[in-house]
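Everything below concerns the one structure shown next.
The values are calculated or read from the model by the stated rules, or taken from the named source; none is laboratory data. Model, not experiment: these values are computed from the prediction. Here Cβ is always computed from backbone atoms with ideal geometry, including for glycine, and neighbour counts include all displayed protein chains. These area figures cover heavy atoms from the full protein model, side chains too; ligands, DNA and RNA do not enter into them. Shrake-Rupley method; radii C 1.70, N 1.55, O 1.52, S 1.80 Å.
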Amino acid sequence: QVQVVESGGGLVQPGGSLRLSCAASGIIFSIYAISWYRQSPGKQREMVATITSGGSADYAGSVKGRFTIARDNAKNTVYLQMNSLKPDDTAVYYCNAQLTYLDYWGQGTQVTVSS
């Protein structure tokens, strides 16, 4: 059974940092592309960052230079380091593992940026 589990969300002040983790089991983790998406109330889910099986990363323009995605295949985990957080970063963050037609989602973790 495939499981994708996010953790690390919480409340942080503007300008602060958080590190999200995405742990996956039941798949050959190293061959999957892993992405972080986010969704805030009234908005569509948007891709935040993605990392390929080869380690290449891509980011949404709104987070480029502030967020860093990294993977540790030995731990079946992907991290999203979020710095210089802004109130607009407030959302539920979801992890996605994708390989061709195979597509798995976690349940999400809430990130709230507020003073």
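Some notes on this structure:
- Distance between the modelled labels on Val2 and Ile31, one decimal in nanometres: 1.3 nm (7 Å Cα→Cβ projection).
- For region 33-99, carbon and sulfur atoms together expose 46% of the accessible surface, with a 1.4 angstrom probe and every protein chain in place.
- Using a probe of 1.4 angstrom and keeping all protein chains present, the accessible surface of the chain works out to 52 square angstrom per residue.
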